[in-house]
Structures are given as structure tokens and as C-alpha cells.
1. Send over the semi-axes of the chain's equivalent ellipsoid, whole angstrom and largest first, taken as the square roots of 5 times the C-alpha gyration tensor eigenvalues.
2. In percent, how large is the relative contact order of the chain, given Cα pairs closer than 8 Å and 6 or more residues apart?
3. Helix 48-63 versus the longest principal axis of the chain: what angle, 0 to 90°, nearest 10, using Cα atoms?
4. For the chain, modelled as a GNM with alpha-carbon contacts under 10 angstrom, which of Glu52, Glu42, Glu24 fluctuates the most?
5. Quick query: amide H of Cys28 versus all other amide H atoms, modeled in the peptide plane; which residues come in under 5 Å with a sequence gap of 5 or more or a different chain?
6. If you plug each phi of the stretch 14-26 into the Karplus form 6.51 cos²θ - 1.76 cosθ + 1.60 with θ = phi - 60°, what whole-Hz ³J(HN,Hα) values come out, in order, with x for Gly and Pro?
7. Under the Cβ-under-4.7 Å rule, which cysteines of the chain stay unpaired?
Amino acid sequence: MDLYKKFDLVECHRCHGVGVLEEEGGWCMYVACMDCGSRTAEIAYNSPEEREEAARKAADLWNKGKTVYTGFGD
């Protein structure tokens with residue numbers, strides 16, 4: 001199963017937008033809102049084995065509402 005489809009994400013706690021699991025440069029995973037830009041912390045991983053665990057942690061943070069918002073981006 002595709003890692004990006006494996007985890008159910010609730011709607012954004014701030015704006016009710018869609019949250020998307022993202023990967024940054026092959027070293028971390030995080031979830032970000034496609035509407036307002038709220039996002040979780042970056043969860044680092046060091047190996048392919050740790051990648052799925054990092055994604056699970058990012059999804060868990062998102063679903064609990066543990067996000068940061070710095071304002072709308074460009």
C-alpha cells in the first residue's frame with residue numbers, strides 16, 4: 001500500500017482544510033494543510049525502515065491537532 005494513503009488524516013483543526021502527508025528531501029515527514037499552511041513538526045528518519053514510523057508519527061500529531069501556523073504563505 002502507498003505510504004501516503006496508509007494513514008487517515010482528519011481535517012485541519014484550524015480551517016477544516018485538507019491535510020496532506022509530505023516528505024522533505026528524503027530525511028523527514030510532516031503533514032501540512034493545503035488551505036491555510038498549518039503543519040506538524042518535521043519527523044526525521046535515517047533509514048527506509050524508519051520512514052513509515054516517521055509518517056505514522058506525523059499523522060498522529062496532525063490528528064491530535066499538534067500543529068503550528070505562521071500565517072498564509074505566498
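1. Numbers: eigenvalues 84, 33, 20 Å².
For the chain, the ellipsoid semi-axes come out as 21, 13, 10 Å.
2. Numbers: 126 pairs, mean separation 21.7, N = 74.
Relative contact order comes out at 29 percent.
3. 20
4. Sorting by GNM fluctuation, first place goes to Glu24.
5. Tyr45
6. Once rounded to whole Hz, the list reads 8, 10, 6, x, 8, x, 10, 6, 10, 10, 10, x, x.
7. Cys28 - these cysteines have no disulfide-compatible partner (Cβ-Cβ under 4.7 Å) in the chain.
Every number here is computed from the coordinates shown, using simple stated rules; none is lab data. What you see is a predicted model; the values in this text were computed from it and never measured. FYI the Cβ positions are ideal-geometry reconstructions off the backbone, even for glycines, and counts take in every protein chain you see.
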